[in-house]
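K.L.:
First the structure, then my questions, so here it is.
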Amino acid sequence: MLAIKAAQMQNAPLPRICLVLESEEESGSDNLISLLKLSEEYIGKPDCLFCMDSGCLDYKKLWITSSLRGVVKIDLKVECGITAYHSGEVGGIVPETFRIVRALLDRIDDPKTGKVA
């Protein structure tokens, strides 16, 4: 929609554009396909279709995510040694893995203000 608005602001010629937005609360809308069929005469045959998706739980439904709200999924493994250590023997010598992760996250944003680095 922002691309369309930008083109309009520049008085660029635009073809007919038809936006269909799924607005039910959750993905996997039971109503989306039937509503598309009801609107088929008005919508016509699309030249292009964009499905902005963050994932799907099965291949029987069209899964659409309306917003991710800043969700990030990452697998991170931090290792500092090859064996277990007793804190009384190596405390302060072997880095704390949590502190390493915290330092890496602090490079992305400030934990106190949320400001992106």
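We did not get these values from a lab; they are worked out from the coordinates using the rules stated. Since the structure is predicted, the reported quantities are computational estimates derived from the model, not experimental observations. Positions of Cβ are backbone-derived with ideal geometry, glycine not excepted, and every protein chain shown enters the neighbour counts.
K.L.:
Suppose R0 equals 35 Å; then what is the FRET efficiency for residue 97 and residue 57 from their Cβ-Cβ distance, rounded to the nearest 0.05? Before the final figure, lay out each step's value.
P.N.:
Details: r = 32 Å, r/R0 = 0.93.
E(calc), rounded to 0.05, equals 0.60.
K.L.:
Follow-up. Is there a pair in 37/73; 61/112; 73/112 whose C-alpha atoms are over 30 Å apart, and which pairs would that be?
P.N.:
Result: 37/73; 61/112 exceed 30 Å.
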